[in-house]
Amino acid sequence: MRILPVLLLLHCLVLDARSAEKRPNIFFAFADDWGRYASAYAEIDARSGVNDVIRTPVFDQIAKEGVLFRNAFVTAPSCTPCRSSLLSGQYFWRTGLGAILQGAEWDASIPSYPLLLRDAGFHIGQTYKVWSPGTPNDAPYGGRQYEYEAAGGRFNGFSQSVTAAVKKGKSLEMAKQQLYDEVLANFDSFMAARATGMPFCYWFGPTNVHRKWVRGSGKALWGLDPDALKGKLPTFLPDVPEVREDFCDYLGEAMAFDTMTGLLLEKLKDTGEMDNTLVVMSGDHGIPGFTRGKTNLYDFGTSVALAVRWPGGGVKSGRVLDDFVNLMDLAPTFCEVGGVNPPAVMTGRSLLPLLRSEMSGLIDPSRTWVITGRERHVAAARDGSLPYPQRALRTEDFLYIRNFAPDRWPEGNPRNITDGSGPPHAKLVEDTMVTFSDMDSGPTKAWLVEHRKDAPRFYDYAFGKRPGEELYNLNADPDCLVNLAAETAHEAKRKEMADHLMEELRRTGDPRVTGDGLNFERPPFAPGK
């Protein structure tokens, strides 16, 4: 008579053990070209700025229920090298052809966290952009079999699709909802393909924040007033109507990404697994088509939003961290969350100790700096597909940049299109601008070129050549306008930061400084013999 109760007790203990061993899921929302723009930052930033205008309630809620990173950076402010770094957990210069934007194929010998998790029993999948070049274009995620996009991809052209639908008579909300429904259906198909009880790793990677977007869409679709940005733009940008409107349109696309992420998380809540899911939300570099943004090593190009939520994993809510982190740190973090030992080749460091701390501020005293860099963005930007090699060291108070080829144009060669006006210029048409092609075309770029004579200072901030070394005091000069590198009074700081940078580049095998034969100036990185 006592056997049955004992068996029931043992059965319950087995179920409890299995439940305790249940591995968490990973939900990663990663927007193309989304920099450090979220309303959560308006509350913690020292000065007024663009974040006073944008509204991102979903990102803010993730931060409120988890951790907000004040100092998150990419390793490279260009899509492919940034994503190569993130997927591999390594500095971009360690990823072979993944270190440049165009023409790359993934080196299968380089481990990537999605495939490591797949091999450890995770159901993996992605919707939209993960990694651009090569065939298939998501090779680090394992190939086309892990794409879940059958319901459609119109969200990637958000303002274009919504504007077109409204012109055909649909209400604004109905036009938006059609796109939301497509994304939700894609996620449903991913979840439906999961075996019962299997942990999942999902990447939501829309490209709508990448240019181009509909001019005036920030106001028309999201109610953002361009004039609200008066006095809030960085001082290296002209505070004029065209630029303010362009920036507002960009912020509108970021708000669309925020809204869609919230709807996906609501869908996840319906499964009952929200608290057992590590939720991470971020972007791959700064704003495109603006001075010192995308492709630049100033904060405007390398600093990104990052928030993490995971109550089931012991992540306490409402914390703001000052630790400097790099997005390559996500790969070892995701591996550890999934029970996989990060490969020794990864140069990123897991964020789990930071996430599971109960403190705010600076947790790890060794995390007071990051290193960023770039080689080549657009292949045709310079003759012979030459790169613009840069590396930078960012600390709390200073930014040091080493430009290895200061004789080259940082945003690409100025290619005259001919109208007989003299200085380098381009057609002042958004879609056909070809000069300085490392900067995406758009109204702001057109304004800079058109006003190159009456506003040469802004033109030079965007396109002018730069010295071999740059050093900025971020406390006194947050927009990095006064280069201190050649000043005697700052020689000790320049040398300290230069030595630190070069030591780390050598330690991590950067071909730019080690001279080990992998030369970014020659094939396969550039055409030639």
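How about region 23-104: which trypsin sites (Lys or Arg not before Pro) there are in a DSSP loop, with at most 14 other Cβ atoms within 10 Å of their Cβ?
The qualifying sites are R47.
Tell me, what ³J(HN,Hα) does each residue in region 42-58 have, in order and in whole Hz, if you take phi through Karplus 6.51 cos²θ - 1.76 cosθ + 1.60 with θ = phi - 60° and put x for Gly and Pro?
3J(HN,Hα) across region 42-58, in whole Hz: 4, 6, 10, 6, 6, 10, 5, x, 4, 5, 5, 9, 6, 10, 10, x, 6.
Could you tell me which of W131, A228, T207 has its Cα farthest along the dipole of the chain towards the positive end, charges placed at Cβ (Lys, Arg +1; Asp, Glu -1), taken about the Cα centre?
W131
Sort V58, V74, V345, V304 so the one with the fewest other Cβ atoms within 10 Å of its own Cβ comes first.
V345, V58, V304, V74
For the pair D45 and D397, how long in nm is the line joining their label points, each one 7 Å along Cα→Cβ?
2.4
Which FRET efficiency value, to the nearest 0.05, is calculated for N519 and T196 with the Förster distance at 51 angstrom and r the Cβ-Cβ distance? Before the final figure, lay out each step's value.
Details: r = 51 Å, r/R0 = 1.00.
After rounding, the FRET efficiency stands at 0.50.
Work out from phi, with θ = phi - 60° and the Karplus expression 6.51 cos²θ - 1.76 cosθ + 1.60, the ³J(HN,Hα) of each residue of region 292-300, listed in order in whole Hz, and give x for Gly and Pro.
Result, rounded to whole Hz: 6, x, 2, 6, 10, 9, 6, 4, 4.
How would D284, D60 line up from fewest to most surrounding beta-carbon atoms within 10 angstrom?
Neighbour counts put them in this order, fewest first: D60, D284.
Net charge near K219: determine it from the other residues with C-beta under 14 Å of the C-beta of K219, scoring Lys and Arg +1 and Asp and Glu -1.
Charge balance near K219 sits at -4.
How big is the antiparallel share of DSSP beta bridges in the chain, given as a percent to the nearest 5?
50
Measure off 7 Å from each Cα along the Cα-to-Cβ vector at F404 and E358, then give the distance between these two points in nanometres to one decimal.
4.7
Given points 7 Å out from each Cα along the Cα-Cβ axis, report the E496 to R144 separation in nanometres with one decimal.
My value for the distance between the label points is 5.5 nm.
Where the centre of each part is set by its Cα atoms, how far does region 253-321 sit from region 112-167, in angstrom?
Their Cα centres are 17 Å away from one another.
For each of V337, V240, V482, count neighbouring Cβ atoms within 10 Å of the residue's Cβ, then give the residues from fewest to most.
Going from least to most buried by this count: V482, V240, V337.
With a cut-off of at most 16 other beta carbons within 10 Å, and DSSP calling the residue loop, which trypsin sites (Lys or Arg not before Pro) in region 313-349 qualify? Please list them.
K316
Only helical DSSP H runs with n ≥ 4 go in: add -39500 (n - 2.57) per run for the chain, normalise by residue count and round the 222 nm mean residue ellipticity to 500 deg cm²/dmol.
So the helix-based figure for the chain works out to -9500 deg cm²/dmol.
Scan around D438 for amide H atoms under 5 Å from its own, H built in the peptide plane at 1.01 Å from N, and keep only partners 5 or more places away or cross-chain.
G412
Between S366 and R466, what FRET efficiency comes out of the Förster formula 1/(1 + (r/R0)^6) with R0 = 45 Å and r the beta carbon distance, rounded to 0.05?
Efficiency computed from Cβ-Cβ geometry: 0.90.
Quick one: what are the phi-derived ³J(HN,Hα) couplings along region 344-352, Karplus 6.51/-1.76/1.60 with θ = phi - 60°, whole Hz, x for glycine and proline?
So the Karplus estimates, Gly and Pro as x, are 4, 5, 5, 8, x, 10, 4, 8, 4 Hz.
Where Lys and Arg each count +1 and Asp and Glu each count -1, what net charge lies around L229 among other residues with Cβ under 11 Å from its Cβ?
-3
Could you name the lysines whose alpha carbon sits less than 23 Å from that of K219, not counting residues in the same chain fewer than 8 places away?
Straight-line reach from K219, under 23 Å: K167, K168, K170, K176, K230, K232, K445.
How far, in nm, would the chain grow between D188 and K230 when pulled straight, counting 0.36 nm per residue and subtracting the alpha carbon separation? Don't jump to the answer; show the numbers that get you there.
On the way: separation 42, 0.36 × 42 = 15.12 nm, distance 4.22 nm.
Gain on extension, D188 to K230, equals 10.9 nm.
No lab work stands behind these numbers, since they all come straight from the coordinates. Computed from a predicted model, the values in this text were never measured in an experiment. All Cβ positions, glycine included, derive from the backbone under ideal geometry; neighbour counts span all protein chains shown.
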